[in-house]
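The values are calculated or read from the model by the stated rules, or taken from the named source; none is laboratory data. Just so it is clear, the model here is predicted, and its values are computed rather than measured. Neighbour counts are summed over all protein chains in view; Cβ atoms, including those assigned to glycine, are modelled from backbone coordinates with ideal geometry. Surface accessibility is based on the protein's heavy atoms, side chains included, excluding ligands, DNA and RNA. Shrake-Rupley method; radii C 1.70, N 1.55, O 1.52, S 1.80 Å.
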Amino acid sequence: MSWCSWLVNADEEAYSVIREWLSRDRFIVVKKDVIRHESVAGVRGMLRYVEDYVDGRCLHARIVRSMVPHGLLKSIKLNDSRGHLVTARDVPGENQVGYAVADQPVLAEKKVRFYGEPVALVVSGNGYSAEDLLEKVEVEVEPLPAVYDVFEAMQNRVLVHEEKGSNIAVTAQVRKGDVTVGERESDEVVEKTYVLSPQDHVYMETEAALAIPSIDGVTVISQAQYPHLAQKTVARVLGIPYSKVAIIQPAIGGAFGGKDDMGPIVSAQAALACWKLGKPVYLQYSREESFTSHCKRDPAVIKCRTGASRDGLLKFLDAEVIFDSGAYANRGPYTLWRACVHVSGPYRIPHVNVVGKLVYTNKVYQGSFRGFGNPQAEFAAERQMDELARRLGIDPIEFRLKNLLRPGDLSATSQPMPEDTGIAPLVEKMRNQLHIPKKRRENGYQYGYGFAVAWHGISTSRGVPDWGSATLTVLRDGSVVVSSGIVEFGQGTHTAIKQVVAEVLGIPYEWVKLEGGTSYAPDTGATHGSRGLTLGGSAALVAAGRVRKRVVKVAAEMLEANPDDIEIADGKVFVRGVENKMLDWRDVVAACYSKGVDLTSSGYFFLKKDKFDESRGQGHAYTVYSFSAVLVEVRVDTETGKVEVTNVWPGAACGRIINPGIALGQIHGSVVQSLGYSLTERMVFEEGRLLTASLMDYLIPSAAETPRIHDPVYYEDICPHGPLGAKGLAELALIPIPAAVANAIKDAIGVDVDEIPVVPEKLVKQQRKR
């Protein structure tokens with residue numbers, strides 16, 4: 001069945017609108033660098049973050065943290081009558097904020113499982129007195145033996161959750177073909193182990209929420225990336241219906257996935273204090289509390305055996321993917337599963353066996369972070385590809401081109417790849433456009449070059465329901481208001497959705513206003529997994545397309561023309577090819593109102609999926625995939641081992657580029673964040689306690705460490721499911737860079753980099769051993 005037939009069967013009306021606009025190749029608003037509306041407000045100081053809503057009526061709260069990594073919680077006392085103490089005993093509903101597994105309390109109860117776990121809240125009249133109260137709290141914990149290493153944890157001598165009987169929280173698997181057959185067909189086999197450390201989001205604004213009592217419920221000004229999940233979590237903790245919880249999105253000072261997890265949790269903590277005291281409560285984590293107590297990128301150990309024939313064709317992959325969950329499962333079951341699916345890379349491999357394990361330890365828990373389990377997987381995959389190419393004596397780019405997935409090829413889960421699989425054309429385009437220099441030595445530095453690719457399944461996986469929803473109203477003056485649950489936190493999605501709506505309606509971008517990120521808006525799902533534009537934008541396009549048809553019908557009557565001949569552009573409605581037949585958009589809108597034509601419409605877009613066999617990890621993994629590739633140049637000081645990335649040449653196949661400026665900004669941000677992950681952002685633990693819990697110790701890249709980032713190479717593999725053919729980019733650009741850096745270091749000095757972040761001292765030692 002062709003994809004067109006499949007779409008028709010899924011939802012004829014919605015998909016007919018999407019198909020109509022897929023064929024467009026000339027645009028007025030889309031593909032332009034329009035001004036981001038939130039950027040103007042930011043420059044003018046008009047954005048209001050959570051703290052900007054706090055006034056003199058508000059109480060201030062701080063979290064009380066466990067100073068023990070594992071123990072029985074005996075008592076909590078506040079030795080000061082001037083403040084309030086909120087504990088698990090005050091929870092009127094369910095003391096549970098677990099996402100995938102019901103294993104995480106909003107405040108610790110009976111037991112603590114990591115250093116920094118919130119056990120209580122102190123509340124006072126202002127922030128200074130609340131901080132002083134932290135010194136007046138006595139927390140009695142009876143220490144228990146703790147476990148910090150995943151391999152030790154899998155022996156189950158110390159259980160993080162006794163009731164589960166094992167520290168293996170979940171497992172995952174992908175089994176295709178027969179690995180033993182692939183081994184026999186291989187002339188070269190690479191077997192390596194990769195170790196990847198956690199990473200902190202270090203968003204500019206730490207976690208915060210302001211909870212305000214209402215007549216019969218609570219309103220929370222929340223940083224959540226999914227307002228309706230925050231609504232659900234708060235209602236669960238307070239034991240009240242969803243309808244009595246309102247979530248309002250302020251401006252958000254960075255998120256990167258972390259506030260998808262922490263937004264609902266912190267909202268529930270603030271709401272609990274508000275519910276108990278009957279007053280507005282403002283809760284914000286300090287920078288140290290954010291470091292010790294919020295989720296991190298999953299630490300991982302990945303063991304890979306990959307084989308290829310002497311002519312450069314991949315034959316098998318046998319991998320074990322172990323993710324350190326920390327104390328709670330949180331999003332770990334999903335990041336693990338994504339890693340298991342993506343560790344094959346975007347390659348044709350006939351025989352695949354991947355086993356994944358999510359393991360509890362007594363450390364701060366993992367969570368959502370840009371790339372969502374995929375940077376770890378692609379690091380292993382792309383290091384394997386480079387090593388196989390080296391051993392076979394094949395150019396690393398040519399080796400990849402021999403094996404990259406193309407439309408119709410079967411992925412590791414035996415899913416036929418869709419027509420918009422653009423990774424091979426992207427790599428070919430980059431190979432033809434880029435001149436890759438040879439490694440060299442210059443002024444005491446060794447220069448090297450590394451290449452890597454990545455693929456990324458967009459949004460939710462397997463058969464998990466996935467949808468977008470929006471409402472749109474054309475007001476009497478012709479301006480437009482769109483309501484969407486998609487949250488804006490600096491990524492530019494609201495701007496891109498406004499461009500899509502303006503393009504479909506044929507009106508100036510400035511006439512469109514988008515209201516989003518509240519629980520009053522349609523439930524559009526989470527703003528994560530690179531789905532904000534793909535799903536949220538498609539829903540808005542459907543709503544705009546429906547309204548446009550109503551406007552066109554009225555305009556055709558006014559112009560005495562066939563509706564098929566009506567065009568709308570720049571706020572003018574005219575008959576194609578007839579210059580003297582033209583109306584102003586606002587006049588047509590006025591006519592619609594006078595005729596009783598409804599200019600409000602909903603747009604609902606349900607992404608249908610095929611079957612998936614969980615027991616074998618086979619079937620439909622994702623409906624939409626984006627792809628990226630990158631070449632980097634590194635400079636290595638062979639005396640000190642210091643590594644600098646000096647040039648980056650990025651590329652992406654992510655459908656139609658709606659806004660080139662936003663796309664470029666996402667790529668630049670991805671480069672810098674990935675370089676921190678690769679080179680500088682080292683999290684050091686001692687018996688479960690994070691020692692690098694400040695920006696003096698945890699080093700994020702500055703402008704001085706930012707390399708030259710060359711103009712991106714794009715291959716527009718138009719997506720039949722995205723608005724005007726667009727797919728996700730924000731996560732994608734980060735994913736291959738750590739592997740490219742490691743490959744470049746290998747090229748420069750001949751040293752294998754199988755752990756990140758790179759430690760200069762280790763590089764020096766490895767060089768000396770050669």
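Things worth noting here:
- Strands (runs of 3 or more DSSP E) contained entirely in the stretch 272-348, each with at least 3 residues that are touching a Lys or Arg at 6+ places or on another chain (Cβ under 9 Å): 300-308, 314-326
- Top-ranked residue in the stretch 74-117 [being among the polar types (S, T, N, Q) and part of a loop (DSSP other than H, G, I, E, B); ranked as nearest to the chain's Cα centre (by Cα)]: Q104
- Filtered residues of the stretch 379-394 (kept if in contact with a Leu (Cβ under 9 Å, 6 or more places away or on another chain) and either closer than 19 Å to P757 by Cα or surrounded by fewer than 24 Cβ atoms within 10 Å (Cβ to Cβ) (or both)): F379, A380, A381, Q384, L388, I394
- Looking across the stretch 139-155 at every residue that is acidic (D, E) and not in a loop (DSSP other than H, G, I, E, B), the one that is farthest from N167 (Cα to Cα) is identified as E140.
- Among residues of the stretch 575-588 being out of contact with any helix residue (DSSP H, G or I) (no Cβ under 7 Å at 6 or more places or on another chain) and modelled with pLDDT of 95 or more, the one that is nearest to G478 (Cα to Cα) is R586.
- Answer from D711, D697 - the residue that is of a type in the set (D, E), in a loop (DSSP other than H, G, I, E, B) and under 30 Å from E419 (Cβ atoms): D711
- Identity of the residue in the stretch 164-189, within 30 Å of Q673 (Cβ to Cβ) and touching an Asp or Glu at 6+ places or on another chain (Cβ under 9 Å), that ends up least open to solvent (accessible area, probe 1.4 Å): A172
- If the condition is being assigned to a strand (DSSP E or B) and crowded, with 21+ Cβ neighbours inside 10 Å, then the stretch 190-211 contributes Y194, L196, A208, A209, L210, A211.
- Checking each residue in the stretch 451-488 for being open to solvent by 10 Å² or more (accessible area, probe 1.4 Å) and assigned to a strand (DSSP E or B) picks out F451, W467, S469, T471, T473, V481, S483.
Residue-by-condition table, conditions (1) modelled with pLDDT under 90; (2) surrounded by 13 or more Cβ atoms within 10 Å (Cβ to Cβ); (3) among the acidic types (D, E):
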residue	(1), (2), (3)
R36	yes, yes, no
A41	yes, yes, no
R48	no, no, no
V54	no, yes, no
I63	no, yes, no
L85	no, yes, no
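- Verdict on E644 being over 32 Å from the mean Cα position of the chain (by Cα) and either closer than 30 Å to L695 by Cα or open to solvent by 40 Å² or more (accessible area, probe 1.4 Å) (or both): no
- Selection count where residues are among the aromatic types (F, W, Y), open to solvent by less than 90 Å² (accessible area, probe 1.4 Å) and outside any helix (DSSP H, G or I), scope the stretch 578-612: 3
- Unmet criterion (only one of (1) open to solvent by less than 10 Å² (accessible area, probe 1.4 Å); (2) at pLDDT 95 or above; (3) at negative phi) for L724: (3)
- Qualifying residue in the stretch 585-604 (condition: among the hydrophobic types (A, V, I, L, M, F, W, C), without any contact (Cβ under 8 Å) to a residue 40 or more places away in the chain and farther than 30 Å from D747 by Cβ): yes
- Which numbered condition T527 misses (of (1) surrounded by 24 or more Cβ atoms within 10 Å (Cβ to Cβ); (2) part of a strand (DSSP E or B); (3) out of contact with any Leu (no Cβ under 9 Å at 6 or more places or on another chain); (4) β-branched (V, I, T)): (2)
- Any pair with Cβ under 6 angstrom, 6 or more apart, that starts in the stretch 237-261 at a residue that is among the hydroxyl-bearing types (S, T, Y) and ends at one that is outside any strand (DSSP E or B): Y242/Q231; Y242/A235
- Criterion violated by I247 - all others in (1) in contact with a Pro (Cβ under 8 Å, 6 or more places away or on another chain); (2) in a loop (DSSP other than H, G, I, E, B); (3) open to solvent by less than 10 Å² (accessible area, probe 1.4 Å) satisfied: (2)
- Of all residue pairs spaced 6 or more apart or on separate chains, those with beta-carbon atoms under 9 Å, a first member in the stretch 727-754 that is over 17 Å from G651 (Cα atoms) and open to solvent by 10 Å² or more (accessible area, probe 1.4 Å) and a second member that is among the acidic types (D, E) and modelled with pLDDT of 95 or more are K746/D386; K746/E387; K746/D752; D747/D386; D752/E387.
- V237 meets the conditions (1) under 19 Å from E94 (Cα atoms); (2) in contact with a strand residue (DSSP E or B) (Cβ under 9 Å, 6 or more places away or on another chain); (3) part of a helix (DSSP H, G or I) in every case but one. The failed one is (2).
- Leading residue by the ranking (nearest to T421 (Cα to Cα)) among those in the stretch 654-680 that are among the small types (G, A, S) and surrounded by fewer than 24 Cβ atoms within 10 Å (Cβ to Cβ): A663
- Matching residues in the stretch 418-435 - criterion: being over 25 Å from the mean Cα position of the chain (by Cα), surrounded by 14 or more Cβ atoms within 10 Å (Cβ to Cβ) and not in a helix (DSSP H, G or I): L434
- Within the stretch 285-334, the set of residues being of a type in the set (S, T, Y), over 21 Å from Q173 (Cα atoms) and touching a Leu at 6+ places or on another chain (Cβ under 8 Å) comprises T292 only.
- Residue within the stretch 355-378 that is farther than 30 Å from G116 by Cβ and crowded, with 22+ Cβ neighbours inside 10 Å present: no
- Among the candidates K553, K513, residue that is open to solvent by 20 Å² or more (accessible area, probe 1.4 Å) and not in a helix (DSSP H, G or I): K513
- Matching residues in the stretch 18-28 - criterion: being in contact with a strand residue (DSSP E or B) (Cβ under 9 Å, 6 or more places away or on another chain) and open to solvent by less than 40 Å² (accessible area, probe 1.4 Å): I18
- Residues that are among the polar types (S, T, N, Q) and either assigned to a loop (DSSP other than H, G, I, E, B) or loosely packed, with under 15 Cβ neighbours inside 10 Å (or both) occur in the stretch 618-628; there is at least one.
- Test: residue in the stretch 701-718 that is in contact with a Gly (Cβ under 8 Å, 6 or more places away or on another chain), open to solvent by 10 Å² or more (accessible area, probe 1.4 Å) and within 30 Å of T206 (Cα to Cα): yes
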